[in-house]
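Take a look at the structure set out below.
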Amino acid sequence: MNRLRSISVPTLVLLALAAVSLGAAAAGTVAAAGPATLSKTSAGWQLKLSAQMYQALIAYNPRLRVLTAKSFVPSLITQYKFSTRESPWAVLGDFTGDGKQDLVFLTHVDDTVLLLSAIAEGKGYRVAELSRIRDGLNDTIEVAPGKIEQGVWNFLRVQPKGVVFSALDQMEVDLKTEGVRFEYWKMSAEILFWDSGHLRRLRIKP
């Protein structure tokens, strides 16, 4: 069930290099103000959740835990091009075209990896599960002949506006707002986008 909450509390910074429970005031959480951001610091890349995003995620499931760089297949992380707008576990943008900031990110409960969205709605956020990968933290992939690595090998990127063609779905879509590219490394990908408030999916080749 999707739940919507909003409160006036400090923004929490979730460190990219230490697993932090959203429901705990653990080491690595610091107070800040303003909208959610992704930024590079001496400790690594940090995701700052706005107060409204944080509360909505806690209301959705207080057991959610943040994925970290160490959660992913090492070879994937070394090839990913981080930016102030995207990391493998989180992307920020206005995905519905309402002028408000939205979040799509990878998290986990125990060993199950979840892809969640936090879409601005009213004065709060509506959280929804977009995908679920059972035992995703313990998955393995052959990154080179005879070389097996363990970890998450799904990752996120911002999909720019514009025309996207899917040979798999045999259709063309003109994205009016940014979307989210959800990739299965070296295998397949989905473009997730919102059309009139409704989530749509377009399958593409990586």
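The values are calculated or read from the model by the stated rules, or taken from the named source; none is laboratory data. Just so it is clear, the structure is predicted and the values come from calculations on it, not from any experiment. Here the Cβ positions follow ideal geometry from the backbone for every residue, glycine too, while neighbour counts run over all protein chains shown.
See the values below:
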read-out: Count - residues of region 178-206 that are surrounded by fewer than 17 Cβ atoms within 10 Å (Cβ to Cβ) and of a type outside the set (Phe, Trp, Tyr); value: 13
read-out: Residues that are within 22 Å of Val73 (Cα to Cα), in contact (Cβ under 8 Å) with a residue 40 or more places away in the chain and out of contact with any strand residue (DSSP E or B) (no Cβ under 6 Å at 6 or more places or on another chain), drawn from region 156-197; value: Trp185, Lys186
read-out: Yes/no for Thr96 being within 16 Å of the chain's Cα centre (by Cα) and modelled with pLDDT of 90 or more; value: yes
read-out: Filtered residues of region 122-142 (kept if touching a residue at least 60 places away in the same chain (Cβ under 8 Å) and touching a helix residue (DSSP H, G or I) at 6+ places or on another chain (Cβ under 9 Å)); value: Lys123, Gly124, Tyr125, Arg126, Val127, Ala128, Leu137, Ile141
read-out: Subset of region 41-56 that is assigned to a strand (DSSP E or B) and not small (Gly, Ala, Ser) - its residue that is modelled with the lowest pLDDT; value: Thr41
read-out: Identity of the residue in region 127-154, of a type in the set (D, E, K, R), part of a strand (DSSP E or B) and at pLDDT below 95, that ends up nearest to Val73 (Cα to Cα); value: Glu149
read-out: Qualifying residue in region 58-70 (condition: out of contact with any Ser or Thr (no Cβ under 8 Å at 6 or more places or on another chain), charged (D, E, K, R) and not in a loop (DSSP other than H, G, I, E, B)); value: yes
read-out: From the options Leu38, Leu76, residue that is at pLDDT 85 or above, surrounded by 15 or more Cβ atoms within 10 Å (Cβ to Cβ) and assigned to a strand (DSSP E or B); value: Leu38
read-out: Single condition Ala59 does not satisfy, out of (1) of a type outside the set (D, E, K, R); (2) under 21 Å from Asn138 (Cβ atoms); (3) modelled with pLDDT of 90 or more; value: (2)
read-out: Whichever residue in region 155-200 is part of a loop (DSSP other than H, G, I, E, B) and among the aliphatic types (A, V, I, L, M) and, among such residues, is modelled with the lowest pLDDT; value: Met187
read-out: In region 155-177, the residues that are crowded, with 20+ Cβ neighbours inside 10 Å and farther than 23 Å from Asp94 by Cβ; value: none
read-out: Residue in region 101-120 that is surrounded by 21 or more Cβ atoms within 10 Å (Cβ to Cβ), assigned to a strand (DSSP E or B) and charged (D, E, K, R) present; value: yes
